Every structure is written in structure tokens, then in C-alpha cells.
1. So which residues in the range 146-162 are outside any helix (DSSP H, G or I) and either surrounded by 14 or more Cβ atoms within 10 Å (Cβ to Cβ) or in contact (Cβ under 8 Å) with a residue 24 or more places away in the chain (or both), if there are any at all?
2. Anything in the range 87-96 that is part of a helix (DSSP H, G or I), out of contact with any helix residue (DSSP H, G or I) (no Cβ under 7 Å at 6 or more places or on another chain) and crowded, with 16+ Cβ neighbours inside 10 Å? List them, or say none.
3. Among residues belonging to the range 134-145 that are part of a helix (DSSP H, G or I) and either more than 17 Å from residue 155 (Cβ to Cβ) or not assigned by TED's automatic domain parsing to the domain that holds residue 102 (or both), point out the one that is modelled with the lowest pLDDT.
4. Please tell me if residue 46 is touching a residue at least 12 places away in the same chain (Cβ under 8 Å) and either within 28 Å of residue 148 (Cα to Cα) or in contact with a strand residue (DSSP E or B) (Cβ under 8 Å, 6 or more places away or on another chain) (or both).
5. Suppose the filter is at pLDDT 65 or above, surrounded by 10 or more Cβ atoms within 10 Å (Cβ to Cβ) and in contact with a helix residue (DSSP H, G or I) (Cβ under 7 Å, 6 or more places away or on another chain); does residue 167 pass it?
6. Within the range 1-86, which helices (runs of 4 or more DSSP H) (wholly inside it) include 2 or more residues that are within 22 Å of residue 156 (Cα to Cα) and modelled with pLDDT under 95?
7. Can you tell me which condition residue 119 does not meet? The list is (1) assigned to a loop (DSSP other than H, G, I, E, B); (2) over 15 Å from the mean Cα position of the chain (by Cα); (3) at pLDDT below 85; (4) surrounded by 14 or more Cβ atoms within 10 Å (Cβ to Cβ), and all the others hold.
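The values are calculated or read from the model by the stated rules, or taken from the named source; none is laboratory data. Everything quoted here is computed from the prediction, not taken from an experiment. Glycine also receives a Cβ, built like all others from the backbone with ideal geometry; neighbour counts cover every protein chain displayed.
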């Protein structure tokens, strides 16, 4: 199945190809200096293919590129040279490291059900929610897991994230404490999406 790369597919009512628009934006920023980097149409297409593949692979959204272009506009005034594809992508990437945040999410996801998870940033928490707590328990930072995590984190960092929900402490069950046992079961049932019957027999 072919990969559906949003950077190479028509977007909006005008049907523009995003990576083509990006090339044009770069040309508008750097003018003749930018166009001189491409000997012919084949060189231009090669740049667009490389850019589209790298932008998709790193989970870079349109909004993230818009922010990067704003940074480049300021740099042009200082006489900076046009960036390479790699430099452009790095400029668009979020400041939170994807690999370390993945390790955090993997560790904290195991603590969520116990009410003991601690998150460094709302974006990391919500990226973990989008990725799936259960999936995180077996996921590795490579292949599809890595790509999906980078995209989930990038989406959350490029938009507004709600705060991290306050975790209610899970009652600590002690043998013979029926009230705490019922509270523990109710909490567990809620997490499983079920309801505990009011006539549960406690032994």
C-alpha cells in the first residue's frame, strides 16, 4: 500500500501541493539565490521529493513549517544562506526531544492506572494518550512505533494542549478493609469502562 504523504497530495479548495508551495515560499524568501541552486526542473523535483519524504518521516506539520519560515524571514535580513532540507526540517521540529519524551511516556504509562504518573509537559501526556497507553508498554523507539510517536508529539506541540488531568489517588487496600476494597474495585471498574454492582459480595 502506498504511503499517503500529505506533503505530496492536493490540499485545500485550490488543490495546491504543499511541498510545491513550500518551494515557492523559499523562492520568495531567497529570490535569485534560491533559484540558482537548481540547475533545471529535475533538480527542483528532486528537492521536493527529498523534502516531502523527510517532512513526513519526521512528522512535520504545515503549521510547524509556517513557524520555521517566520524564523527564516528574520535570518534572511541578517544575510543567512538558504538552509538545506535537513536544516529546514530541524528548524521546524519541536524543542522537546522525541526519544527522551518517548522513554518518559513509556515509563509513566505503566503508572497511570495507579495514579502515580508524573509528566514533564502536557504535550507529552496527550501524545501518550493519542499513541495509546497500552501500546506504549510494548512499543520500541524504532520503525513504525517511532514514526507514530514523532507524529503524535509533533501534532500536540504544534497546537494547544489542555492541561494534564489531575490523577485521583487510588485507595490502598488493606486486608479486611471492606470500604477501601469496594473503592478499589470501583476505581478499577471505571478504568475498564464497566460498572460495579451495588450488591457485590466481599469476602
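1. Initially, the range 146-162 is screened for residues outside any helix (DSSP H, G or I), giving 159-162.
Residues satisfying the conditions are 159, 161, 162.
2. As a first pass, look at the range 87-96 and keep what is part of a helix (DSSP H, G or I): 87-92.
The next check asks that each one be out of contact with any helix residue (DSSP H, G or I) (no Cβ under 7 Å at 6 or more places or on another chain); those that pass are 87, 90.
Those that are part of a helix (DSSP H, G or I), out of contact with any helix residue (DSSP H, G or I) (no Cβ under 7 Å at 6 or more places or on another chain) and crowded, with 16+ Cβ neighbours inside 10 Å: none in the range 87-96.
3. Filtering the range 134-145 for residues that are part of a helix (DSSP H, G or I) and either more than 17 Å from residue 155 (Cβ to Cβ) or not assigned by TED's automatic domain parsing to the domain that holds residue 102 (or both), the one modelled with the lowest pLDDT comes out as 143.
4. Numbers: touching a residue at least 12 places away in the same chain (Cβ under 8 Å): no; either within 28 Å of residue 148 (Cα to Cα) or in contact with a strand residue (DSSP E or B) (Cβ under 8 Å, 6 or more places away or on another chain) (or both): yes.
It is false that residue 46 is touching a residue at least 12 places away in the same chain (Cβ under 8 Å) and either within 28 Å of residue 148 (Cα to Cα) or in contact with a strand residue (DSSP E or B) (Cβ under 8 Å, 6 or more places away or on another chain) (or both).
5. Values: at pLDDT 65 or above: yes; surrounded by 10 or more Cβ atoms within 10 Å (Cβ to Cβ): yes; in contact with a helix residue (DSSP H, G or I) (Cβ under 7 Å, 6 or more places away or on another chain): no.
No: the conditions fail for residue 167.
6. Values: elements: 18-30, 32-35, 41-57, 62-77.
Where helices (runs of 4 or more DSSP H) fall fully within the range 1-86 and carry at least 2 residues being within 22 Å of residue 156 (Cα to Cα) and modelled with pLDDT under 95, they are 41-57, 62-77.
7. With (1) assigned to a loop (DSSP other than H, G, I, E, B); (2) over 15 Å from the mean Cα position of the chain (by Cα); (3) at pLDDT below 85; (4) surrounded by 14 or more Cβ atoms within 10 Å (Cβ to Cβ) applied to residue 119, the lone miss is (3).
Results for (1) touching a helix residue (DSSP H, G or I) at 6+ places or on another chain (Cβ under 8 Å); (2) farther than 10 Å from residue 149 by Cα; (3) buried (at least 17 other Cβ atoms within 10 Å of the Cβ), shown as yes or no for each residue.
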residue: 98; (1), (2), (3): yes, no, yes
residue: 112; (1), (2), (3): yes, yes, yes
residue: 123; (1), (2), (3): yes, yes, yes
residue: 130; (1), (2), (3): yes, no, no
